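Below: the structure, in structure tokens.
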Amino acid sequence: MNISELDLNLLLGFEALLIERSVSSAARRVHLSQPAMSNLLSRLRKTFGDPLFQKAGRRMAPTERARQLTPPIGIALNVIRKAIDDKPSFDPSTADVRYSIATTDYAESIIQPNLLRAMKLHAPRLTLQTKRLKGIFDLPVAELDHCDFALGFFPLPFPPGAGLAGTASWQERFVGIISKRHPLARKKIGLRQFLSVPHIRVDYSEERPGLLGDAIEKVGRRRKVGLIVPHLVTVPFLTARSEMLGIVPLGLARSLAPMLSLRIFELPLALPPLTMSLMWHERHQHEAAHRWFREFVPLHTRHRY
């Protein structure tokens, strides 16, 4: 017999017949009709080349071959049931695991401090390794080939067929920041004033103008760019020590404005909200350690601004 041709349902039927010693009772046990169970018994007999069960009064008695098959089939079914029914255990309080996360400098500075404090309390032996995302708004397909997770402002919903899964943590928006020593700091900053001041532009990559660049192009205007930097977190520090204007997420602005004497203002252009999302590859979907971490992160990184 070729094991690749063996139907697992045959073994379940065999087990039911051993227990019930009746075709009709075995059928009820495995939720089949009596004709379907009779057909299954015929297939069993053909598969093993033996009658297996023979009438003995009102019941059916196993043949010698059936008695020989009983122990190994029982063991095999129990192993399969255990593999299916038992979820792998994961104890974060004792686990020694390293998670790699592709993310931005913004997430590192705003999110990771809270996450690390929570990990110290609930999972003291876990380690985080951060790697840089190639683009601030692009799906991290390449990064998830070698990282456990990606955390960033990714577009939702995720495209079907990409092999990715994820969960949204919270939404945030961009705001403007300017030094309180700037001449415009005490004035209303409309579109004209906004475009008259040199901007600090964050350029993670050279893919496209970005959300703000797209919004300015839609109104047929141009902005002055005085400085281009590769990191979002440096923008508040550079803004505080210059005559330039910065555009950053509200959470970053609020965390640094008091220390750096910055004024926060609403942008005179409509920009879509930002969704901070945790993403992973579907191949990790059922791993116990992975599942624990992706449930833990949103609980300790949500912000409300």
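Numerical summary
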read-out: Selection count where residues are without any contact (Cβ under 8 Å) to a residue 60 or more places away in the chain, part of a helix (DSSP H, G or I) and not charged (D, E, K, R), scope segment 64-112; value: 13
read-out: Candidates Gly251, Gly226 - the one that is open to solvent by 40 Å² or more (accessible area, probe 1.4 Å), among the small types (Gly, Ala, Ser) and in contact with a His (Cβ under 7 Å, 6 or more places away or on another chain); value: Gly226
read-out: Lys188, sole failed condition from (1) outside any strand (DSSP E or B); (2) under 21 Å from Arg241 (Cβ atoms); (3) charged (D, E, K, R); value: (2)
read-out: Subset of segment 25-53 [loosely packed, with under 12 Cβ neighbours inside 10 Å and either within 41 Å of the chain's Cα centre (by Cα) or part of a helix (DSSP H, G or I) (or both)]; value: His31, Pro35, Ser42, Lys46
read-out: Only listed residue being under 22 Å from Pro113 (Cα atoms) and surrounded by fewer than 15 Cβ atoms within 10 Å (Cβ to Cβ), chosen from Leu256, Leu278, Leu260, Leu299; value: Leu299
read-out: Tabulated pairs, segment 261-276, first of a type outside the set (D, E, K, R) and at pLDDT 95 or above, second part of a loop (DSSP other than H, G, I, E, B) and surrounded by 16 or more Cβ atoms within 10 Å (Cβ to Cβ), C-beta under 8 angstrom, 6+ apart or interchain; value: Phe265/Ile189
read-out: Selected residue [more than 18 Å from Glu287 (Cβ to Cβ), at pLDDT below 85 and touching a His at 6+ places or on another chain (Cβ under 8 Å)] from Ile75, Ile110, Ile80, Ile136; value: Ile110
read-out: Inter-residue pairs, beta-carbon under 6 Å, first open to solvent by less than 30 Å² (accessible area, probe 1.4 Å) and in segment 158-177, second at pLDDT 75 or above and assigned to a loop (DSSP other than H, G, I, E, B), 6+ apart; value: Gly176/Leu267
read-out: Leading residue by the ranking (farthest from Pro92 (Cα to Cα)) among those in segment 263-275 that are in a strand (DSSP E or B) and open to solvent by 40 Å² or more (accessible area, probe 1.4 Å); value: Arg263
read-out: Breaking point among (1) within 30 Å of Phe265 (Cα to Cα); (2) assigned to a strand (DSSP E or B), for Asp138; value: (2)
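The values are calculated or read from the model by the stated rules, or taken from the named source; none is laboratory data. Keep in mind that this is a model prediction, so the values were computed, not measured. No Cβ is skipped: glycine too gets one built from the backbone with ideal geometry, and neighbour counts run over all protein chains shown. The protein model used for the area step is the full one, side chains on, heavy atoms only, and it has no ligands, DNA or RNA in it. Shrake-Rupley method; radii C 1.70, N 1.55, O 1.52, S 1.80 Å.
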